[in-house]
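To start, the structure itself, in structure tokens.
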Amino acid sequence: MLESGIPEHLAASAMERVGRLIARLKSKSALEPDELIAAAWTAAVGKRLSARTRVAGFHNGTVTVEVEDDLWLRNLNGLKGQILANLGRVTGMDLARDVRFTLGVPKRPPMREEQTPGLAGQLGKKARA
């Protein structure tokens, strides 16, 4: 089972379908390599990682990916080989030779106390009631 909770055989099947779709798109239109990489990103890394990243560019075989924070940056650096293999499998081409992760703008704003009152906030409301 993958981190996303999707069984591996279903994820592999979905990735194969996306790969076939991208292959058809490549043959019917003149997709640029950067467009192809961006289109394949979610299938290559999964929904969970895709939600926390953004393909910012592709130049000379290097995919530049913006990540939410330093923790994601460190963790994804350890997965470069797997990500590159998945991109190759999904696109059917060896376009990407490296992945460079950079810090981007966080997709989720920081939580403020008034957005999610913790136990102390809830207790304070009950004490005033």
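Side notes on the structure shown:
- Computed packing ranks the peptides 43-52, 92-101 as 43-52, 92-101, most packed first, by mean other Cβ atoms within 10 Å.
- Simple label model, 7 Å out from Cα along Cβ direction - M93 to D70, nm: 3.7 nm
- Distance between the pseudo-spin-label points of T102 and N77 (7 Å out from Cα toward the beta carbon): 1.6 nm.
Laboratory data are not the source of any read-out in this text; all were calculated from the coordinates shown. Treat the numbers as computed from the prediction; the structure is a model and nothing was measured. Neighbour counts run over all protein chains shown; Cβ positions are idealised from the backbone, glycine included.
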